[in-house]
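The values are calculated or read from the model by the stated rules, or taken from the named source; none is laboratory data. Remember, it's a predicted structure, so these values are computed and weren't measured experimentally. Using ideal geometry, Cβ is built from the backbone for each residue, glycine included, and neighbour counts are taken over all protein chains shown.
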Amino acid sequence: MPTTKRRNIYRRHRDGQVSKLAPGIFVPRATFDSLEPWDRFQLRCAATGYGYPKYTLVGKAAAAIWGIPYGDIPGRVELARLNGHGGLRTDLVSMRRLASIPGQPPQLHRGVSVTTPLQTVLDLGRWHPLADAVTAADHCLHHGLFTLTQLSEHATHLTGCKGVGNLKDLLLLVHGASESPRESALRVAMWENGFPAPHLQASIIDESGRFLGRADALFADSSVLVEYDGRGKYRCSPDQTTEQALMEERRREKDLLNLGTRMIRVTAETFTSGRWIHDLRRELDLGKGRPLDQRLWTSQGLGWGRAQDKQPSGSLYPRYPV
């Protein structure tokens, strides 16, 4: 880069007009600040990968490049050295030790070196909160990036590595039926709060065989349904208004309640406050001794447990490759 141009960029950096993402990589500050937080982090990770070619992106940095959800956005970009020893002395990165897993060497993706999705998930399980790792693993299983058996087998190669003890809980909880990061986090919270394992993505019919709806989770022994209401829950299709979508949802809920079920709706607010925990415990207590007839529902398996426990029950769903 010509000296004059370089000086101009650094002058604009001092004046706050551009943001420095990595050595020699800058972006207009207004553009950077206009991005969503996860997009800003992904851009920082990509710039770091370009700026430090002797290192590979790992953990949440690798997840960001792959487009794998990973929970809370970290303050630093996680890096590991590809060869040799030594790290970087900068507050912008967090150095990790790259574990060797047979058949899982770092790959080039979008022009930067990253750990494979499988190793990325295992590293998240070792270094980050359980809900973050389960969120990433659920996404990968749901989209067929690897199987539960592959994840379990490769985890054995990390024996002796820092945080490997956390992988037992990850393998217990990961499930390919989860359809959103919040569903994954909610399931982990259910497990952490001592609830029994619910059935996931449960389809409900009435006595005539009419399909009534599908719930994110079903506690069959108490006939309790749980659904997470995200921001896009009532986004309408081109031929349906928001009001029509809400009316359809109310009709569906009325039919389910008439069948004898009880329903808990978890929102971002109740999830953050923890109020859903009290609500769910109350409904489970009220539903004791009132199981939902097994002929009226089928699911994609229990929310946690052994691999065979997570297989779909009933005939409506194909079995997952394990």
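Scanning the stretch 1-30 for residues that are among the polar types (S, T, N, Q) and farther than 20 Å from V112 by Cβ yields T3, T4, N8, Q17.
Return yes or no: is G67 small (G, A, S), surrounded by fewer than 19 Cβ atoms within 10 Å (Cβ to Cβ), within 30 Å of the chain's Cα centre (by Cα) and in the same structural domain as H109 (by TED's automatic domain parsing)? Criteria met by G67. Within the set R262, R275, R231, R210, the sole residue that is among the basic types (K, R) and at pLDDT 95 or above turns out to be R275. Does the stretch 49-64 contain any residue that is within 23 Å of D132 (Cβ to Cβ), surrounded by fewer than 20 Cβ atoms within 10 Å (Cβ to Cβ), small (G, A, S) and out of contact with any strand residue (DSSP E or B) (no Cβ under 7 Å at 6 or more places or on another chain)? The answer is no; no qualifying residue exists. If you go through the stretch 166-213 and keep only what is charged (D, E, K, R) and either more than 15 Å from A131 (Cα to Cα) or not in a loop (DSSP other than H, G, I, E, B) (or both), you end up with K168, D169, R182, E183, R187, E192, D206, E207, R210. Residues that are in contact with a helix residue (DSSP H, G or I) (Cβ under 6 Å, 6 or more places away or on another chain) and either hydrophobic (A, V, I, L, M, F, W, C) or within 16 Å of A268 (Cβ to Cβ) (or both) within the stretch 172-190 comprise L173, V174, P181, S184, A185, V188, listed in sequence order. Residues that are farther than 13 Å from V58 by Cβ and touching a helix residue (DSSP H, G or I) at 6+ places or on another chain (Cβ under 9 Å) within the stretch 95-128 comprise P102, G103, R110, G111, listed in sequence order.
Applying the set (1) surrounded by fewer than 24 Cβ atoms within 10 Å (Cβ to Cβ); (2) within 17 Å of L82 (Cα to Cα) to R110 leaves exactly one unmet item: (2). Exactly one residue out of H139, H143 is without any contact (Cβ under 8 Å) to a residue 12 or more places away in the chain and under 24 Å from A189 (Cβ atoms), and it is H143.
Checking each residue in the stretch 25-39 for being more than 29 Å from the chain's Cα centre (by Cα) and loosely packed, with under 15 Cβ neighbours inside 10 Å picks out P28, A30.
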